[in-house]
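*Asks:* The structure's right below; bear with me while I get my questions together.
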Amino acid sequence: MKKAIIFGITGQDGSYLAELLLKKKYIVHGVIRRSSSFNTSRLNHLYQDPHIKNRKLILHYGDVTDSISVSSLIKKTLPHEIYNLAAQSHVAVSFEVPEYTANADAIGALRILEAIRFHGLEKKTKFYQAGTSEMYGKVMQVPQTEKTPFYPRSPYGVAKVYAHWITVNYREAYNIFACNGILFNHESPRRGGTFVTKKIVNGLCKIKLNLQKTLYLGNLEAKRDWGHAKDYVVAMWKMLQQKKPKDYVIATGKQITVKKFVNMVLNELSIDFLWTGKGMNTSCYIKNSKSKIVAIDKNYYRPLEVDTLLGNSSKAKKELKWKISYNLKSMIKEMVNEELNSLKNDKKYR
Ligand code: NAP
Ligand code: G4F
């Protein structure tokens, strides 16, 4: 029976990956951080009481900023596969907490790789590093491939570039089976509430239910290549099942602006709308009314922006036989439906 350990199991991707691995009959160890409030809501449906014999999901406290906890967890669990999804993953927040972001997102990857080496697990344990299209930043080529040079535009992007290259370095120096997934934005109903897609879906669903008047956003002109997290965790697993460890771009190959994403959510909610103004003065109204439903708040602009991201995942399609099952429309439909249901069930709003 295969054993895997997921750092970052409580996050969006961690929860989908845990589901996938459990379905494939893995024993899944997950690392969670101590928090004053429960941070396991995305795992509730998978949770197994510690008193259950032969349980398949085992949670441990740990933190990728704590070398000893990383090292002892790896020694204790002796996993066949390690997935490093742990990160301070919010780009805008990385400008506010750059040092912590570097510690968790850059040195965190090094701590895991060092633990593999220190415990002599180079031949036994495979490693996946959660890389990102943010590493391309001010893009040097369109679309971006595995060969496109990096030009990160945030402390988050810079930290992830370190994690990328230290993963390559340990692969080459110590023959560790280590892969970098370079994943473009991926979303789902489980997406954190402050990322733009989830924020738009949540805000516009509340507006539809008369629970909110206006949604405040930042730069509407940024273009992103958005896929579904459920499809993307399959690619992570596939990378570790190959004969040779390599790096892969995972993307849909299509991009739209944040503004178009708003339009698609409004259409899904059957709200007729009209945009007015430009730049900071852009607003969106319910058609033939004075109800301003979207407005700009300059506080959501970043010190530097990644204007456009568009990935080419030909290599993953060919070598991993990876394919996507969601398109943007079906993903938005799922996000909107789940959001409306959860708002209607939320006691606060009854
Ligand atoms: P997420 O929802 O923010 O989840 C991040 C996970 O990391 C959470 O479980 C979080 O724990 C954990 N974590 C944060 N700091 C930690 C620390 N110091 N020690 C241990 N765990 C820590 O992110 P996601 O969207 O699932 O993304 C997963 C990974 O892929 C991240 O590394 C992200 O940077 C990367 N990525 C994401 C995308 C995307 O579009 N989603 C694209 C490319 C790459 P808490 O629950 O306690 O906060
Ligand atoms: O949803 P976002 O915060 O995602 P961003 O910055 O692209 O980062 C996400 O994807 C990366 C992969 O490329 C991951 F590595 C990273 O961990 C994260 O998951 O913002 C998307 C775009 C940006 O251009 C931002 O400026 O939306 C724009 N935006 C406009 N208004 C906003 C808002 N972003 C947020 N979060 N909130 C706004 O109100």
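The values are calculated or read from the model by the stated rules, or taken from the named source; none is laboratory data. Just so it is clear, the structure is predicted and the values come from calculations on it, not from any experiment. Note that each Cβ is placed from the backbone with ideal geometry, even for glycine, and that neighbours are counted across all protein chains shown. These area figures cover heavy atoms from the full protein model, side chains too; ligands, DNA and RNA do not enter into them. Shrake-Rupley method; radii C 1.70, N 1.55, O 1.52, S 1.80 Å.
*Asks:* Regarding Val201, is this residue more than 13 Å from ligand 1 (Cβ to nearest atom) and in a helix (DSSP H, G or I)?
*Replies:* yes
*Asks:* Name the one entry in Trp237, Trp226 that is touching a helix residue (DSSP H, G or I) at 6+ places or on another chain (Cβ under 8 Å) and within 15 Å of Met331 (Cα to Cα).
*Replies:* That would be Trp226, the only listed residue that is touching a helix residue (DSSP H, G or I) at 6+ places or on another chain (Cβ under 8 Å) and within 15 Å of Met331 (Cα to Cα).
*Asks:* Return the residues of region 1-17 that are part of a loop (DSSP other than H, G, I, E, B) and either within 16 Å of ligand 2 (Cβ to nearest atom) or of a type in the set (A, V, I, L, M) (or both); say none if nothing qualifies.
*Replies:* Across region 1-17, the qualifying residues are Met1, Gly8, Ile9, Thr10, Gly11.
*Asks:* A further question on this structure: Return yes or no: is Arg34 within 13 Å of ligand 1 (Cβ to nearest atom) and among the basic types (Lys, Arg)?
*Replies:* When the stated conditions are applied, Arg34 passes them.
*Asks:* Would you be able to tell me the number of residues in region 289-305 that are touching a strand residue (DSSP E or B) at 6+ places or on another chain (Cβ under 8 Å) and either more than 16 Å from Ile200 (Cα to Cα) or open to solvent by 100 Å² or more (accessible area, probe 1.4 Å) (or both)?
*Replies:* Counting residues in region 289-305 that are touching a strand residue (DSSP E or B) at 6+ places or on another chain (Cβ under 8 Å) and either more than 16 Å from Ile200 (Cα to Cα) or open to solvent by 100 Å² or more (accessible area, probe 1.4 Å) (or both) gives 2.
*Asks:* Let me ask something else. Every residue in region 167-186 that is part of a helix (DSSP H, G or I) and crowded, with 19+ Cβ neighbours inside 10 Å, please.
*Replies:* Listed by number, the residues that qualify are Thr167, Tyr170, Arg171.
*Asks:* Out of Pro245, Pro189, report the one residue that is at pLDDT 95 or above, open to solvent by 10 Å² or more (accessible area, probe 1.4 Å) and under 20 Å from the mean Cα position of the chain (by Cα).
*Replies:* Pro189
*Asks:* Restricting to region 205-232, give me the number of residues that are in contact with a Leu (Cβ under 6 Å, 6 or more places away or on another chain), open to solvent by less than 10 Å² (accessible area, probe 1.4 Å) and either within 14 Å of ligand 2 (Cβ to nearest atom) or not in a helix (DSSP H, G or I) (or both).
*Replies:* 2
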